[in-house]
Every structure is written in C-alpha cells, then in structure tokens.
Amino acid sequence: MTGKKATIIVAHSSRLDRIAVKLHPSPMPNLDQYRMECAVYFQRLADSAPSLAALSGHIQEASNSFGFRWFTLIRGKSPAKSDRCSFLLTSYPQNWVDQVFEDDRHIDDPLHLAASRTPHGLRWDDLGRYVDLKPRQVETLERARKHGLTSGFTLPLRLDGYPNAMFSVARKRSQAVSVEESLLVRLIGGIAFERAHRLVAGDIQLVAPVHLTSRQLDCIALLAKGYTDAQIGRKLGISSETVREYIGEVRRSYGVKGRFQLALLLARDGYLSVNDIL
C-alpha cells in the first residue's frame, strides 16, 4: 500500500472532517497466515487511539489487510450532531457519501435494515433473505455498485440506551464474504465500535488489565481452543459448574460474552499467545 492514500470522513459534534490518510505498508500480517495476529494488533491500536480520526486510520489499514477497500462505522441519523451518541467514520467514496446524506438514504439503507434483523451480521449476498426491497432501496444499491461497493458485510452493533450502530466493509470484487472473513469483520467491528463509543461519550481512559488466577487462566486457555465446559472440567479435575463460574468471572471482568472477543482481550493483555487461540 506504499504511496496510496485513502480519504476518511469523520463526523461528530457538528463537524464533518475529510482526512487524507497515507497508507503505509501495513505491519499487519496477511490474513491467511496470521489472521489472529492482525486482530490482536488492531485491538492494541484501537485501545490507544486518542481520537476518532486516529481510530479511522487504524480501521482503514485493518480493512485493507483483510481484503476490503472501504469501511463505514455509523451511529445516529445525524452523525455530525453535537451529542455523546452520534458519529460517522467512513472511507467510502466521497461522492457517494455526499449523495447518501443529501438524499437521506442512510435512513432507509436496505443493508442496515437487513443487518438489524440478524444476530451476527449480514453478508450482502444474503440481503434478499431478510428484506423485500422497495424501489428506492433498489436504487440505493444500484448507485452504490456504480461507486464500486459491490460485495461486503454489515454488522449491527447494539448498546442499551443508544440507537443501533452499523459497521460495514466493502470491496469492488464480486466475491462473497467467506465465513473466516465475516468472523474477522465481527471482531474488528466490535473493537472499533467500543473505542468510538468511548471517545464520543468522553470515557477514553483505558481499562486496566484484569488480573486472573492461575485456575481461571487454565480454564480460559482451554476455552480459547474450543473445549466445552465439561471437557475443561475433566481435563482439570474440577466440575463443569466450577468451570462456568471461573469463565463467567473473567467474562464479567472484561465485559464481553463472545469466546473470540474474550480471547483477543486476553492476548492483548499477555495472558494468551496467538498460538493458544488458533
């Protein structure tokens, strides 16, 4: 990516900034060989991002590394509104972004509507399974494709007391998003959303690493490898109920439920290596 540039839009607090970001050769490894290293590395970058602009640059590099040219992270109907809720981070083509907001197409975006009806996100090829498109929505998709937004994935992000956020990645190639890619998008989207929310809400302090007992760490290391509670219990010589208690304590401490997201945070804090996760 040496010498290439991406234009990223950051909207919040009555401001809409366009930032030209020079894409340096990404230190993130290739997806096929080191996909979890990429995610762990992005987690560390995102956690230390001091601003939405800095976070946007990290998201762009991560998206490129995973095979997607563009990304969008949006929450709120008026992203530039001055509040502690709304924001827009996007590297979508500028002309398309302008059209979307001039025509209020983000209000009835068919991809957002369909994604909101899924628990874990939408591969764009599956759009027809979730919504019956209206003429205006068909037009939105056709116009997006003319700007190169051909295939992608949209992830709904929910937080009590706030409107849904949406994280999308897109590419020109008419290639369905693989299961592996969708997993990575969910990880990256969740990490990016968490940091964006903290920055906008004014809660930007980093969370101190959680201190684990040796037994908790034993359980989590096996959980990361795909063991069930019962299998972990048999391997460690404890009951499955005790295993659930240990794992539940760690999940509550980190504030996450998903196994992969928890494993990423533990790798970030040095409790697990990437080899422990794979």
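Worth a mention:
- Boolean, residue 183 is modelled with pLDDT under 95, closer than 22 Å to residue 78 by Cβ and either exposed (fewer than 14 other Cβ atoms within 10 Å of the Cβ) or in the same structural domain as residue 58 (by TED's automatic domain parsing) (or both): no
- Listed by first and then second residue, the pairs linking a residue in the range 141-155 that is in contact (Cβ under 8 Å) with a residue 24 or more places away in the chain and closer than 23 Å to residue 188 by Cα to a residue that is surrounded by fewer than 16 Cβ atoms within 10 Å (Cβ to Cβ) and hydroxyl-bearing (Ser, Thr, Tyr), with Cβ atoms under 7 Å apart and 6 or more places separating them unless they lie on different chains, are 150/174; 151/174.
- Just so you know, in the range 107-127 the residues that are hydrophobic (A, V, I, L, M, F, W, C) and touching a helix residue (DSSP H, G or I) at 6+ places or on another chain (Cβ under 6 Å) include one that is farthest from residue 180 (Cα to Cα), and it is 114.
- Any chance residue 167 is in a helix (DSSP H, G or I) and out of contact with any Pro (no Cβ under 7 Å at 6 or more places or on another chain): no
- Filter result (among the small types (Gly, Ala, Ser) and either outside any helix (DSSP H, G or I) or crowded, with 16+ Cβ neighbours inside 10 Å (or both)) within the range 211-238: 221, 224, 226, 233, 237
- Test: residue 192 is in a loop (DSSP other than H, G, I, E, B), in the same structural domain as residue 8 (by TED's automatic domain parsing) and closer than 30 Å to residue 259 by Cα: no
Yes/no matrix, rows are residues, columns are (1) of a type outside the set (Gly, Ala, Ser); (2) under 24 Å from residue 36 (Cβ atoms):
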site: 213; (1), (2): yes, no
site: 218; (1), (2): yes, yes
site: 237; (1), (2): no, no
site: 244; (1), (2): yes, no
site: 253; (1), (2): no, yes
site: 257; (1), (2): yes, yes
site: 266; (1), (2): yes, yes
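- Top-ranked residue of the range 101-123 - restricted to ones that are in a helix (DSSP H, G or I) and in contact (Cβ under 8 Å) with a residue 40 or more places away in the chain, ranked as nearest to residue 156 (Cα to Cα): 115
- Here residue 159 qualifies as among the hydrophobic types (A, V, I, L, M, F, W, C), in a loop (DSSP other than H, G, I, E, B), free of Cβ contacts under 8 Å to residues at least 40 places away in the same chain and under 18 Å from residue 116 (Cβ atoms).
- Residue within the range 126-140 that is among the aromatic types (Phe, Trp, Tyr) and without any contact (Cβ under 8 Å) to a residue 60 or more places away in the chain present: yes
- Residue list for the range 34-70, restricted to those being basic (Lys, Arg) and within 21 Å of residue 261 (Cβ to Cβ): 35, 44
- Test: residue 176 is in contact with a helix residue (DSSP H, G or I) (Cβ under 7 Å, 6 or more places away or on another chain), on the phi < 0 side of the Ramachandran plot, assigned to a helix (DSSP H, G or I) and not basic (Lys, Arg): no
- Residue among 126, 103 that is within 18 Å of residue 189 (Cβ to Cβ) and in the same structural domain as residue 190 (by TED's automatic domain parsing): 126
- Test: residue 189 is out of contact with any Asp or Glu (no Cβ under 6 Å at 6 or more places or on another chain) and surrounded by fewer than 21 Cβ atoms within 10 Å (Cβ to Cβ): no
- From the options 138, 200, 131, residue that is part of a loop (DSSP other than H, G, I, E, B), more than 15 Å from residue 72 (Cα to Cα) and of a type in the set (A, V, I, L, M, F, W, C): 131
The values are calculated or read from the model by the stated rules, or taken from the named source; none is laboratory data. Not measured: the values here are computed from a predicted model. So basically every Cβ, Gly included, is an ideal-geometry build from the backbone, and we count neighbours across all protein chains shown.
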